[in-house]
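A short write-up of the structure that comes next.
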Amino acid sequence: DGGITQSPKYLFRKEGQNVTLSCEQNLNHDAMYWYRQDPGQGLRLIYYSQIVNDFQKGDIAEGYSVSREKKESFPLTVTSAQKNPTAFYLCASSSEGWGGPNTEAFFGQGTRLTVV
Amino acid sequence: AQSVTQLDSQVPVFEEAPVELRCNYSSSVSVYLFWYVQYPNQGLQLLLKYLSGSTLVKGINGFEAEFNKSQTSFHLRKPSVHISDTAEYFCAVSAGFQKLVFGTGTRLLVSP
């Protein structure tokens, strides 16, 4: 079955550590996205990539980094510079980028990151 | 830039009653509109979408939404809810070549 796989489902990080969240899709989608979800704040865009080897900052990119070396993979690194990293992280993909009729986003199951 | 407003953070309703979840958007160009559902500790699942054409859109699980351009609204409705509909619902808008913007969500609480 096609879909988006995020791993791990739960992740605990000590303060000062970098951690990487995995996101893989087999939908052959060009565009991929990372969102952060906090209670009562909806989804906020961290980074997005509309094509391989290219990515752009979203609204809250500080303290995060990404890479897009392969079409199917878009890992997110939460660095020690992120002051409040405890949140639910969602990866998504779409067959084309924003502006076209195929902007429907397909989501993974999420990774819950907790700083201990 | 476009924006989305979901006025109700929580909507309590009894089982088998009708429900409407409100969504208003602002945009100066034509829009694509979406409703997603999120169950606890899971990702978002698309309920329905409006791209063009008929303003009444039917989705999964018996939900439907009506696009009203003059009122810039895209309210979600279901004539009879079930306990299993308890979840958080997000409205989202995509306009021009701008990013997909999500509302803050509405938690639907269905009681027996």
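The values are calculated or read from the model by the stated rules, or taken from the named source; none is laboratory data. Because the structure is predicted, anything quoted here is derived from the model rather than measured. Note that each Cβ is placed from the backbone with ideal geometry, even for glycine, and that neighbours are counted across all protein chains shown.
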With respect to the numbered conditions (1) small (Gly, Ala, Ser); (2) on the phi > 0 side of the Ramachandran plot; (3) modelled with pLDDT under 95, which one is the sole condition not fulfilled by A:Gly63? (3)
Among the residues in region B:18-31, are any touching a residue at least 24 places away in the same chain (Cβ under 8 Å), in a strand (DSSP E or B) and exposed (fewer than 15 other Cβ atoms within 10 Å of the Cβ)? yes
Condition met for B:Ser94 (at pLDDT below 90, surrounded by 15 or more Cβ atoms within 10 Å (Cβ to Cβ), within 11 Å of chain A (Cβ to nearest Cβ) and closer than 27 Å to A:Ser95 by Cα): yes
Residues (outside any strand (DSSP E or B), modelled with pLDDT of 95 or more and hydroxyl-bearing (Ser, Thr, Tyr)) located in region B:36-86: B:Ser80, B:Ser84, B:Thr86
Contact list, first residue from region A:1-12 and within 16 Å of A:Trp34 (Cα to Cα), second anywhere and among the acidic types (Asp, Glu) and surrounded by 12 or more Cβ atoms within 10 Å (Cβ to Cβ), beta-carbon distance below 7 Å, six or more apart or interchain, is A:Thr5/A:Glu24
Return the residues of region B:73-84 that are touching a residue at least 40 places away in the same chain (Cβ under 8 Å), over 15 Å from B:Phe34 (Cα atoms) and either surrounded by 17 or more Cβ atoms within 10 Å (Cβ to Cβ) or out of contact with any helix residue (DSSP H, G or I) (no Cβ under 8 Å at 6 or more places or on another chain) (or both); say none if nothing qualifies. B:Lys78, B:Val81, B:His82, B:Ile83
Within the bounds of region A:31-48, is there any residue that is touching a Ser or Thr at 6+ places or on another chain (Cβ under 6 Å) and in contact (Cβ under 8 Å) with a residue 40 or more places away in the chain? yes
Would you confirm whether any residue within region A:84-106 is more than 12 Å from chain B (Cβ to nearest Cβ) and under 19 Å from B:Phe34 (Cα atoms)? yes
Scan region B:27-50 and give yes if some residue there is among the polar types (S, T, N, Q) and touching a Phe, Trp or Tyr at 6+ places or on another chain (Cβ under 6 Å), otherwise no. no
Filtering region A:1-14 for residues that are under 17 Å from A:Arg112 (Cβ atoms) and either within 9 Å of chain B (Cβ to nearest Cβ) or not charged (D, E, K, R) (or both) leaves a count of 9
I'm checking my understanding of the structure. Among residues of region A:36-67 that are among the hydrophobic types (A, V, I, L, M, F, W, C) and crowded, with 21+ Cβ neighbours inside 10 Å, which one is farthest from A:Thr114 (Cα to Cα)? A:Val66
Taking region A:31-74 only, how many residues are away from chain B (no Cβ under 14 Å), touching a Lys or Arg at 6+ places or on another chain (Cβ under 9 Å) and assigned to a loop (DSSP other than H, G, I, E, B)? 5
Only one of A:Gln109, A:Gln17 is within 14 Å of another protein chain (Cβ to nearest Cβ) and either part of a loop (DSSP other than H, G, I, E, B) or touching a residue at least 24 places away in the same chain (Cβ under 8 Å) (or both), namely A:Gln109
Tally up the residues in region B:43-66 that are surrounded by 17 or more Cβ atoms within 10 Å (Cβ to Cβ) and within 7 Å of chain A (Cβ to nearest Cβ), please. 4
